[in-house]
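Bear in mind these aren't lab numbers, they're just calculated from the coordinates by the rules spelled out. Keep in mind the model is a prediction, meaning the values are calculated, not measured. As a convention, Cβ positions derive from the backbone with ideal geometry for all residues, glycine included, and neighbour counts pool all protein chains shown.
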Amino acid sequence: MSEFASLRTESTNQQTKNIDKLDALGIAKAINDQDKTVADAVEKALPEIAKGIDLYAEILSGGGRVFYVGAGTSGRLGVLDASECPPTYGVSAETVQGIIAGGRDAAFDSIEDAEDDPESIVRQLKAKNFCEKDVCIGLSASGSAACVQNALVYARSIGAKTMCVSCNSDSALIPLSDVSMIAVVGAEVINGSTRMKAGTAQKMILNMLSTGGMVRTGRVRGNYMAYMVPSNKKLVDRAIRIICDETGCEQGTAREFLEKHKFMIADAIDDINSNK
C-alpha cells in the first residue's frame, strides 16, 4: 500500500462512482449534495477555529504578522485570503501574507512538484524575515505536503506560533501545530480532487480566521467594515452609508467628514460622534 492510500482525502467516494454516466443536471446535483456536507464538517471544528481566531488576534495585537503557507489549491486559498485583508480591513499588505510553494508564479500556473521540496516555503519565509512574533498557518488538505510540514517545523524552531488547516483527522500537521483546525469532509466527488470539498472547507475556515481576527482587534464596528479602503465608487457609497448608519448623520455630512479624514471611515465616525 502506498503512503497516501490511507488518507481520507484520497479515498473513493462511493456515492459518485457513476458520475461519468450522469447528464449535466445529475452531475450538478451530485456535486451539490456532497457540498452540503462541508458546513457540517467545519462545524465540528468550531472549538479549535475559535482558538485559532484568538491566536490570530493575539499575534496581530502584539505587532506580529500572519503567514498562510501551502501548495496548490491550499496555497492559492491562502494567497486569496491574505490579498483581501488590506482592502477589507485597512491593514498593510505586510500584516497578512500568503506564501505558496513554487513562488508567485505557482498562484497562476500549476507547479505541482513544488510541494515535495521541503525548503520551498522555508526559503520564502526567511526572505520575508519571518520571526518569533509571527504565526505560520499551514494549509494542506491531506497534511502530506512536505513543504508545509517543514515550514511549521522551521517556525517552531525559531519560537514562532503555528496553526494548521487540514482535512484528515490524523494529519501530519497536527503534532506540528499549536492549534489544529481539522474539517474531515471525506472522499471527494472526483477521487483526490481536493480543490472541491476540502478546498471549500479550507476557504470557510480561512474566512472565519481572518474575519474573527479582525473583529477581535477592533477592525470592525458592529458588523461594518469601518476600516475598509473606499477605492472605487461602490465602496465610497458604502463608506457613506456606514457613516450614516453609525452616526445618524445625513449623506452630505458623511461625505464631508469622509473627505476631511482622507477616506478613513472610522476616523470620520469618531469625529462626527464626538461633536454631537
Worksheet entry | Largest-first principal axis extents of the Cα set of segment 20-216 (Å) | 53, 35, 33
Practice prompt. Would you give the gap between the C-alpha center of segment 225-255 and the C-alpha center of segment 139-194, rounded to a whole Å?
Written response: 40
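Could you tell me which chymotrypsin sites (Phe, Trp or Tyr not before Pro) in segment 207-276 are loop residues by DSSP with no more than 13 other beta carbons within 10 angstrom of their beta carbon?
Working: sites: Tyr224, Tyr227, Phe257, Phe263; in loops: Tyr227, Phe263.
Nothing satisfies the criteria.
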Worksheet item: Which values, in whole Å and largest first, are the semi-axes of the equivalent ellipsoid of segment 142-229 obtained as the square root of 5 times each eigenvalue of the Cα gyration tensor?
Response: 27, 20, 10
Worksheet item: With no solvent and one point per C-alpha, what does the Debye sum give as log10 I(q)/I(0) for segment 87-148 at q = 0.12, 0.15 Å⁻¹?
Response: -0.33, -0.52
Practice prompt. Could you tally up the Lys pairs in segment 20-216 with alpha carbons closer than 18 Å? Skip any pair fewer than 8 positions apart unless they're on separate chains.
Written response: 13
Worksheet item: If one takes the longest principal axis of the Cα atoms in the chain, at what angle in degrees, from 0 to 90 and to the nearest 10, does the Cα axis of helix 251-260 lie?
Response: 80
Fill in: Fraction of antiparallel bridges per DSSP, the chain only, in percent to nearest 5
5
Worksheet item: Among the lysines, which fall within straight-line cross-link reach of Lys262, defined as a Cα-Cα distance under 24 Å, with same-chain neighbours fewer than 8 residues apart omitted?
Response: Lys233, Lys234, Lys276
Worksheet item: Karplus couplings for segment 209-222 from phi (6.51 cos²θ - 1.76 cosθ + 1.60, θ = phi - 60°), rounded to Hz, Gly and Pro as x?
Response: 4, 5, 5, x, x, 6, 4, 5, 9, x, 8, 10, 10, x
Worksheet item: Longest span of the chain, sites excluded, free of GluC sites (Glu not before Pro) in DSSP loop with at most 15 other C-beta atoms within 10 Å?
Response: 133-249
Practice prompt. Over the alpha-carbon set of segment 233-274, work out the extent along each principal axis and list the three values in angstrom, largest first.
Written response: 27, 19, 15
Response to the item:
For Gln97, the residues 5 or more places away or on another chain with a placed amide H closer than 5 Å to its own amide H are Val66, Phe67, Tyr68
Item to complete: Give me the angle, in degrees from 0 to 90, between the Cα long axis of helix 233-247 and the longest principal axis of the Cα atoms of the chain, rounded to the nearest 10.
Response: 60
Fill in: Convex hull of Cα atoms in segment 1-111, direction-averaged projection (nm²)
10.5
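Rounded to the nearest 500 deg cm²/dmol, what is the calculated helix-only ellipticity per residue at 222 nm for the chain, with -39500 (n - 2.57) per DSSP H run of length n ≥ 4?
Values: 10 runs with 128 residues, N = 276.
Calculated from helices alone, the mean residue ellipticity at 222 nm is -14500 deg cm²/dmol.
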